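Engineer: Please read through the structure below; I'll follow up with questions.
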Amino acid sequence: MAPRPVRAAVGGAWINCQVCQGDLFRERDVKLNSFGMEFMKMAWADESATGLICWRCGYVHLFVNPEISLYWAE
């Protein structure tokens with residue numbers, strides 16, 4: 001199944017791409033691996049972030065803020 005584009009906001013402010021100013025993204029979870037946790041074979045316990053990949057240029061934006069809101073694009 002192909003990913004659907006989303007729009008995103010944090011605290012009521014819409015997010016635009018830092019590179020091309022696009023406003024459509026593909027969303028995915030990203031693990032923020034650390035050397036220590038990798039070394040101890042516990043990478044599964046590392047923190048996660050929301051990755052927004054710009055639909056137009058492919059730049060990846062990372063958000064750890066849990067208050068990010070995603071909306072299906074029309």
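The values are calculated or read from the model by the stated rules, or taken from the named source; none is laboratory data. Being a predicted model, the structure only gives us computed values, none of them experimental. Heads up, the Cβs are rebuilt from the backbone with ideal geometry, glycines too, and the neighbour counts pull from every protein chain shown. SASA here: full protein model, heavy atoms, side chains in, ligands and nucleic acids out. Shrake-Rupley method; radii C 1.70, N 1.55, O 1.52, S 1.80 Å.
Engineer: Could you list, in sequence order, all residues of the range 33-65 that are modelled with pLDDT of 90 or more and either open to solvent by less than 60 Å² (accessible area, probe 1.4 Å) or on the phi > 0 side of the Ramachandran plot (or both)?
Structural biologist: Residues satisfying the conditions are T50, G51, L52, I53, C54, G58, H61, F63.
Engineer: Can you pull out the residues in the range 11-32 that are out of contact with any Gly (no Cβ under 9 Å at 6 or more places or on another chain), over 16 Å from Y71 (Cα atoms), modelled with pLDDT under 95 and open to solvent by less than 90 Å² (accessible area, probe 1.4 Å)?
Structural biologist: Answer for the range 11-32, where residues must be out of contact with any Gly (no Cβ under 9 Å at 6 or more places or on another chain), over 16 Å from Y71 (Cα atoms), modelled with pLDDT under 95 and open to solvent by less than 90 Å² (accessible area, probe 1.4 Å): just L32.
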